[in-house]
Amino acid sequence: MSATLLWWGLAALTLAGAAVVLLTREMMRMIIGLGAFLLGIAGLYAWLGFGLLAVAEIFVYVGGVLVLFLLAITAMGRDSESRAIARHLDIGAAVISAGLAVVLILALQGLLPASAPVAGVTVEKTADALLGAWLPQFEIAGVVLLAGLAAALAIVQGGDDE
């Protein structure tokens with residue numbers, strides 16, 4: 001029972017972090033939301049028994065990419081008003097996001113927790129799982145993270161709307 005509650009807590013942390021990134025307009029809050037999202041993903045990796053992936057997620061994404069974003073924001077030297085992002089409704093982006101959500105739901109449909117997490121997982125078992133039955137899900141997660149990082153870099157780079 002507690003393992004299922006842990007899974008749902010990590011899923012809630014992941015979704016809350018993603019919602020903060022989507023709904024806020026201030027850069028620092030976006031970075032904090034991205035950090036919560038990435039920590040939730042690392043927690044889900046750890047819950048599934050993939051400790052190596054969880055540690056890599058924390059070191060590479062949380063420890064590296066978020067620090068890079070913070071450095072980029074502080075190096076820009078803009079005032080706090082210019083860091084607020086103007087939102088424009090884009091129907092194409094909404095349709096693509098909805099389509100990606102449907103693809104993710106269909107791809108990850110059978111992965112809801114039915115039992116306790118896997119115990120005694122080694123690096124070899126992790127590699128076998130990632131290069132075996134879980135390869136499509138792992139690749140989908142990689143593409144989603146890559147798209148999120150590309151979007152965050154585009155936001156940090158900014159641009160002038162005319």
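So if we plug the beta-carbon distance of residue 11 and residue 75 into 1/(1 + (r/R0)^6) with R0 = 30 Å, what FRET efficiency do we get, rounded to 0.05?
Numbers: r = 35 Å, r/R0 = 1.15.
Approximately 0.30, to the nearest 0.05.
Compute the FRET efficiency between residue 146 and residue 105 as 1/(1 + (r/R0)^6), taking r as their Cβ-Cβ distance and R0 = 25 Å, and round to the nearest 0.05. Walk me through the numbers on the way to the answer.
Details: r = 19 Å, r/R0 = 0.78.
It comes out at approximately 0.80.
Could you line up 4, 122, 14 from fewest to most neighbouring Cβ atoms inside 10 Å?
Fewest to most other Cβ atoms nearby, the residues stand as 122, 4, 14.
Quick note: the coordinates plus some simple rules give every number you see, no bench work behind them. Since we're looking at a predicted model, the values are computed, not measured. Methodologically, a virtual Cβ is constructed for each residue, glycine included, from the backbone with ideal geometry; neighbour enumeration extends over all protein chains shown.
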